[in-house]
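To start, the structure under review is shown below, and the notes come after it.
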Amino acid sequence: MLVKIALASSWSRRHVLSMIVLSIALSVALLLAVEQVRSEVRNSFNRSVAGTDLIVGARGGELQLMLYSIFHIGQASNTISWKSFELIRDNPNVEWALPISLGDSHKGFRVVGTDAKLFDFFKVGRDEPLVFKKGKRFSDLFDTVIGADVAKKLNYRIGQSITLSHGMGATSFSEHDDRPFTIVGILESTGTPVDQSVYVSSEAIEAIHVGWQSGTRIRGQTVSESDIRDMSLTPKLITAVLVGVKSKLSTFTLQRLINDYKGEPLQAVLPGVALQQLWQLIRIAENALFVVSICVVISGFVGMLSVLLTSLSSRRKEMAILRAVGAKPRHLVGLLMMESAMVTLLGTVLGTVMAAIGLLVSAPWLESQFGFHLGGISSIVSTLPMLALVLALGALIGIWPGYRAYRQTAHDGLTER
């Protein structure tokens with residue numbers, strides 16, 4: 001009976017309550033969107049460093065080293081020598097070591113000079129290897145492998161020729177247009193910076209800079225491709241080294257050995273430790289966004305409480321009649337709680353749908369601009385405890401109006417004033 005009365009009473013006030021439902025829906029959608037983006041950003045960063053035990057670079061900030069070597073954010077403060085890389089690679093505790101050379105780009109996407117063994121040892125996600133969607137790894141000097149986002153955004157295909165640019169800008173006036181590369185492989189999407197990278201060999205980075213000095217091409221000096229292929233293209237300097245160890249127990253020993261290296265100032269960083277530093281830096285912003293979302297939800301509940309309390313004046317006869325036919329205080333409180341619970345349920349369901357649609361629509365843009373994927377509707381399942389808490393709070397809002405209705409006497413409600 002209470003359900004029927006609550007439905008009939010709510011329907012009679014549907015125009016006012018619909019605004020409250022919309023307010024709660026918008027607040028719930030904002031709460032879910034903020035939580036999903038925050039969670040996905042963390043997951044994207046964690047996936048990117050899943051299989052790397054140490055990151056080695058020039059001495060400086062640990063967080064800075066991880067950001068420019070793994071996430072391609074910012075630039076290196078200095079470089080390290082190839083000799084140091086060879087010493088690290090030949091250490092008995094090292095299973096694999098990959099050189100990373102940064103500094104060039106292609107239409108805004110980072111160019112990464114490395115070794116073809118990257119496709120064997122570099123892991124993402126839960127230790128998942130890189131998978132080719134089409135083609136194969138680079139083998140020739142002027143071969144290149146591109147990430148999924150590069151291929152999708154620029155509409156590239158296997159066999160197409162591209163040229164690299166000197167520097168990191170989306171638009172460059174220093175093109176390596178005399179040394180075109182051929183796309184031989186396109187990687188599957190990983191939800192990491194790999195998707196927005198162009199991979200070439202370390203030797204290719206040296207090759208395209210033959211005849212260049214201080215970031216510009218030397219006028220009047222041309223070197224044929226055959227002459228370049230005959231040169232020794234072993235790099236003299238690289239940006240960083242990604243290291244995988246044979247035993248996790250030897251990680252700290254190797255880290256200390258690199259940090260104490262006397263040949264040049266090096267540092268070895270544990271990716272997990274550097275990530276914790278990043279989370280500490282952005283925790284204030286995360287908490288601020290979450291608090292704002294909670295405040296928006298609370299404001300929706302306050303609006304609903306105001307409507308319920310205001311409507312009591314026009315419902316005094318209704319409440320008095322219910323008291324007159326035998327309704328007890330718990331029935332009145334239960335009726336108001338049921339109404340607030342139904343309004344909250346409708347708002348929560350509508351807000352969840354709005355959040356799911358919003359994430360679905362914005363996913364391609366977020367993927368192309370920031371390089372991370374949103375889980376969409378399936379990922380919202382993880383927020384069910386939060387939604388249950390919202391529903392419980394919405395139902396509890398009805399206690400105070402119910403108590404006020406109980407305090408009104410039957411005589412007061414039936415008397416004209």
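Nothing in this text is a laboratory measurement; each read-out follows from the coordinates by a stated rule. A quick note: this is a predicted structure, and the numbers were derived from the prediction, not measured. Glycine also receives a Cβ, built like all others from the backbone with ideal geometry; neighbour counts cover every protein chain displayed.
Some observations on this one:
- Summed side-chain charge close to residue 356 - residues other than residue 356 whose Cβ falls under 15 Å, Lys, Arg +1, Asp, Glu -1: -2
- Simple spin-label estimate for residue 162 and residue 178 gives 2.3 nm between the two label positions (7 Å along the Cα-to-Cβ direction from each Cα).
- Proximal charge balance of residue 193 [Cβ under 11 Å; K/R count +1, D/E count -1]: 0
- When 228, 282 are sorted by how many other C-beta atoms sit within 10 angstrom of their C-beta, beginning with the fewest, the order is 282, 228.
- The range 243-290 and the range 90-117 have their alpha-carbon centroids 18 Å apart.
- Unsatisfied cross-links (Cα-Cα over 32 Å) in the set 136/236; 152/246; 134/248: 152/246; 134/248
- Exposure proxy ranking, count of Cβ atoms within 10 Å, fewest first, for 96, 82: 82, 96
- Overall Cα dimensions of the range 54-269, principal axis frame, Å, largest first: 48, 39, 30
- Residues 44, 232, arranged from fewest to most other Cβ atoms within 10 angstrom of their Cβ, appear as 232, 44.
- Scalar couplings 3J(HN,Hα) for the range 99-115, obtained by applying the Karplus form with A = 6.51, B = -1.76, C = 1.60 to θ = phi - 60°, are x, 10, 10, 10, x, 10, 8, 9, 6, x, 9, 5, 9, 10, x, 7, 9 Hz; x denotes Gly and Pro.
- Taking Cβ atoms as reference points and 12 Å as the exclusive limit, the residues near residue 138 contribute a net charge of -1, counting Lys and Arg as +1 and Asp and Glu as -1.
- Reachable aspartates and glutamates from residue 153, criterion Cα separation under 17 angstrom, eight or more residues apart if same chain: 188, 195, 367
- The range 54-269: relative contact order in percent, alpha carbon pairs under 8 Å with at least 6 residues between: 33 percent
- Overall, the range 54-269 carries a charge dipole of about 400 debye about its Cα centre when +1 sits on the Cβ of Lys and Arg and -1 on the Cβ of Asp and Glu, all other atoms neutral.
- Among 237, 261, 163 - extreme Cα towards positive end, dipole of the range 54-269, charges at beta-carbon: 261
- Using Cβ point charges alone (K and R +1, D and E -1), the dipole size of the range 133-197 about the Cα centre works out to roughly 300 debye.
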